[in-house]
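The structure under discussion appears below in the form of structure tokens.
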Amino acid sequence: MRTPLNWFSPLPAHRTDIANYTARVLPALIEEGPVTLWSDLNADHTALRGAEVRQFHGLDLPWPPLNYQSPSIYQVGNDGRFHRQIVEVALRQPGVLVLHDLGVHDLLRFYCLEGDGPGKEAYIQLVRRYAGNLAAQEARETLKGERPVEDVVPRYPMFEWLTTGAWGVIVHNPENLDRVAASTRAPVWAAPLPYWPQDRLHPVQPPRAAPQGRRRLLLFGFLHSANRRLQPILEALATFPRRDELELTLAGEYPDAEAMPRHLQEMGLSEIVHVRGFLSEGDLRAELDAADLVLNLRWPSLGEASGTLLRVWDHARPALVTRTAFYATLPEEVVAFVDPKDEQAELHRHFSRLLDEPAYYARMGEAGRAYLERHHTAEAFARGLRAFREEAAAFGRIAYPEKWGESIARRHLARLPATTHPAMIRRLSEVIEGCYPLQ
């Protein structure tokens, strides 16, 4: 019998690559059994054929069927707009977390401080519990405006907030395996980041000639975070002596989009930097086919693997990456490295080599495509996930036999006085567990 899979995730057309990740791996998941996709946002169902798509609101979910089935899979990134409600469910119905970013401090702040979240003191207490008194003091200073948020968030990733009670955790960066495993008793799996099944990979196209013979650079994705290095890239291009032989396309979402044209004019880049904004799938594919080199820097890294990089390899295009975290584990022949300690000089070096030796980067793109096909297939991930869900379910039955009952009991007793006797909670927990067993 094929076990049903409940998969909580942002979905197309949500503007996060985790939504694209779900769409890419879905065909292989469906081969393993029936899939229900859960999201708190509207979704593009045309990209999700073969799965049942259900929208949920808050904690209004069909709990008994979910409890009867194998552990749910929760996709967790750092953007609270897309992951807050998913985390809300995961904290009440522990399952398998797919931790796309090791750094989820921004998500924690959004969860606690926005809307009807638990509030400032809950945030401070969670930081103290998982990062210590100094971190809590610094977090409190950010709330008072006495310390910049960006000074605190990168130093305290706060993933322990989520992993401590999970039944299983999946990471896509092997460098994170030991660190995450130390935060939880649950099984942890370092799974290569999956891409489309083999029969859905993009037909490789040769690069098109650029106007005036310029070599084409591409920077795309969700560029709000400073760690995507948008401003340093623009500065490197503005100071590059042969900049008129290059052109850069910006595609995606970035800060101060309305002010970008004026900013480029002030930097003297208006003629060679083209601002495209968020593109359709077809237009983005065309930009990737046209690129000679894609800029995919991350500094500081949040511990993430990169779906963006897999897309670049799918088009057999070369990519510049920061020599850090997941990227530092990649072979030299499939990516071009940039040392963050000398970022501008490193970018200038690659720009020059691209102009003088474009065949070097073309070979790198071909090697990246071959690496993608060997190491990042959706089929292998889906098979591994089936086994890992069984391992996580076995752990959960042993480690948290009363987790569900206690959680639901406390929720139902919340309207009673705070002095409610613990025996009442235990008794109601036992009744609930008897009615709605987890397995």
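Just so it is clear, none of the values below were taken in a lab; they were calculated from the coordinates. Just so you know, these numbers come straight off a predicted model, no measurement behind them. Please note: Cβ atoms are built from the backbone with ideal geometry, for glycine as well, and neighbour counts cover all protein chains shown.
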State, to one decimal in nm, how far the label point of residue 91 lies from the label point of residue 32, with both points 7 Å from Cα in the Cβ direction.
-> 2.8
Would you please give the FRET efficiency between residue 147 and residue 114, computed as 1/(1 + (r/R0)^6) with r the Cβ-Cβ distance and R0 = 25 Å, to the nearest 0.05?
-> 0.80
When the chain is treated as a GNM, springs tying every alpha-carbon pair under 10 Å, which of 141, 175, 266 comes out with the largest mean-square fluctuation?
-> 266
Answer in debye to the nearest 20: the dipole magnitude of region 280-401 about its Cα centre, from +1 Lys/Arg and -1 Asp/Glu charges placed on Cβ, is 520
Counting only backbone N atoms under 16 Å from a point 7 Å out along Cα-to-Cβ of residue 41, the residues of region 261-290 in range are 278-281
With a ≥ b ≥ c taken as the square roots of the eigenvalues of the C-alpha gyration tensor of region 130-238, please select rounded if a/c is under 1.5 and otherwise prolate if a/b is larger than b/c or oblate if it is not?
-> oblate
Hey, in the GNM for the chain with a 10 angstrom Cα cutoff, which one of 200, 185, 109 fluctuates hardest?
-> 200
In this structure, the FRET efficiency calculated for residue 267 and residue 52 from their beta-carbon separation, with R0 = 56 Å, to the nearest 0.05, is 0.70
Extension gain (nm, one decimal) between residue 134 and residue 15, 0.36 nm per residue minus Cα-Cα | 39.3 nm
Along the charge dipole of the chain, Cβ charges K/R +1 and D/E -1, which of 268, 367, 394 sits furthest on the positive end?
-> 394
Among the trypsin sites (Lys or Arg not before Pro) in region 30-96, which ones are in a DSSP loop with at most 12 other Cβ atoms within 10 Å of the Cβ? Mind listing them?
-> 49
Inter-probe distance in nm under a simple model that places probes 7 Å from Cα toward Cβ, at residue 374 and residue 226 | 3.8
What net charge is computed for the residues neighbouring residue 237, neighbours being all others with C-beta under 10 Å from the C-beta of residue 237, Lys and Arg scored +1, Asp and Glu -1?
-> -1
Within the under-13-Å Cβ sphere about residue 102, not counting residue 102, Lys/Arg +1 and Asp/Glu -1 give a net charge of -3
In whole angstrom, and with the biggest value first, how far do the Cα coordinates of region 20-95 range along each principal axis?
-> 30, 29, 18
Apply 1/(1 + (r/R0)^6) to the Cβ-Cβ distance of residue 122 and residue 274, taking R0 = 56 Å, and write down the FRET efficiency to the nearest 0.05.
-> 0.80
Convex hull over the Cα atoms of region 198-375, averaged projected area in nm²?
-> 9.7
Loop-located trypsin sites (Lys or Arg not before Pro) in region 116-184, at most 14 other Cβ atoms within 10 Å (DSSP) = 144
Top mean-square fluctuation among 168, 252, 103, Gaussian network model of the chain, C-alpha springs under 10 Å?
-> 252
What is the Cα coordinate range of the chain on the first, second and third principal axes, sorted by size from largest, in whole angstrom?
-> 77, 55, 36
Just add up the charged neighbours of residue 171: K/R +1, D/E -1, any other residue whose Cβ is under 12 Å from the Cβ of residue 171.
-> -3
